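Have a look at the structure below, then the notes.
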Number of protein chains: 2
Amino acid sequence: MRIGEVAAAAGVSPRALRYYEEQGLLTSQRHASGQRHYGQDAVQRVRWIQALYAAGLSSKSITGLVGCVHTGVATDAMRAQLAAERERIDTQIRDLTHTRDRLDAIIAAADDPDRMRASSGCEL
Amino acid sequence: MRIGEVAAAAGVSPRALRYYEEQGLLTSQRHASGQRHYGQDAVQRVRWIQALYAAGLSSKSITGLVGCVHTGVATDAMRAQLAAERERIDTQIRDLTHTRDRLDAIIAAADDPDRMRASSGCEL
DNA sequence: CTAAAACCTGACGTTGGCGTCAAGGGCAAG
DNA sequence: CTTGCCCTTGACGCCAACGTCAGGTTTTAG
């Protein structure tokens, strides 16, 4: 697959894929003319990278995880990083859940004029 | 309370509070000399603002919500925005949960040499 | 064969949520 | 009074994940 195809399939821009390669997150076979060529699994890999970005990991952290899984070898430092990131994400999920619940309370108040008036300044 | 006290209590910098005021997220009483003065509730308000930032809302979105709750009046547009943000956060929670579960699988593999070897290239 | 579409490298632009000086004013303690 | 900490505004700095433009090559469709 060429870069445009992979980008379209993964829902990102070609620029993003070149950036990932620059950061060491994604590799590609180069055709004689210099054009990049990817295997089918590149799409899943890009989606996974996107998920990790969405979870707040930096390029450097992702590089570590990629190297870990790629080589099939996990050092203690890698295991520690995996655990740390996992905990960070877990905390983030709890915080977001709490925020969502508070938003639900505000929405309930906004849908009910009586409670809206009664709760003036309740949350904010 | 003065700006430094509020900042310390909320765990942010005074600079952040001035920035919030600049964005219309936070108001303050001004003393004759120009110094800002806040009520007790400012701390909770700042924590709430932080939670919304952490949930991925922009200053402009937060301004809308603040205005909504502050005036005690919710327009249809405000209700729509509240619902939209709530859904965004809910989706984000599901995505993060999925990412965390995949990380868990990788961690399990990394802690078990046999599965580590067997799953070479499994997720990535 | 040719023209459009897709690709390349390199480099500068963007955005948001502050950090960080710079230069000065105010106020309680010793 | 003065020392020192906290406050003010204004302005530039920062960083990451790309967007975008320039200027040139390659591949593909007709």
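Which of B:30, B:45, B:18 ends up with the largest GNM mean-square fluctuation for chain B, with Cα atoms connected below 10 Å?
B:30
Considering only chain B, pick the residue with its Cβ nearest the axis of the rotation onto chain A, and state the distance in whole Å.
Whole-Å result, nearest residue of chain B to the axis: B:93, 3.
Report, as an integer, the average count of C-beta atoms from other chains found within 10 Å of each Cβ along A:79-89.
Going residue by residue through A:79-89 and averaging, the value is 3.
Carbon and sulfur: what percent of chain B's accessible surface (1.4 Å probe)?
Details: 3490 of 6730 Å².
Carbon and sulfur together cover 52 percent of it.
Report the FRET efficiency, 1/(1 + (r/R0)^6), for residue B:83 and residue A:80, where r is their Cβ-Cβ distance and R0 is 35 Å, rounded to 0.05.
The formula returns an efficiency of 0.30 here.
By the gyration tensor of its Cα atoms, with a ≥ b ≥ c the square roots of the eigenvalues, what is the shape of chain B: rounded for a/c under 1.5, prolate for a/b over b/c, or oblate? Can you show the working numbers first?
Working: a/c = 4.46, a/b = 2.02, b/c = 2.21.
In terms of gyration-tensor shape, oblate.
Could you identify which residue out of A:57, A:25, A:96 has the top mean-square fluctuation in a GNM of chain A using Cα springs shorter than 10 Å?
Ranking A:57, A:25, A:96 by mean-square fluctuation puts A:96 first.
What are the distances, in nm and sorted shortest first, from the label point of residue B:113 to the label points of the same position in each other copy, with each label point placed 7 Å from Cα along the Cα-to-Cβ direction?
7.2
Once the label point is set 7 Å along the Cα-to-beta-carbon vector, what list of distances in nm do you get between residue A:97 and its counterparts in the other copies?
Distances to the matching label points in the other copies: 0.8 nm.
Other chains near B:58-65: what is the mean number of their Cβ atoms within 10 Å of each residue's Cβ? Intermediate values should be presented prior to the final figure.
Working: counts 0, 0, 0, 0, 1, 0, 0, 4.
The per-residue average across the peptide is 1.
The values are calculated or read from the model by the stated rules, or taken from the named source; none is laboratory data. As the structure is a prediction and not an experimental result, all values here were calculated from the model. So basically every Cβ, Gly included, is an ideal-geometry build from the backbone, and we count neighbours across all protein chains shown. With ligands, DNA and RNA removed, areas are computed over all heavy atoms of the protein, side chains included. Shrake-Rupley method; radii C 1.70, N 1.55, O 1.52, S 1.80 Å.
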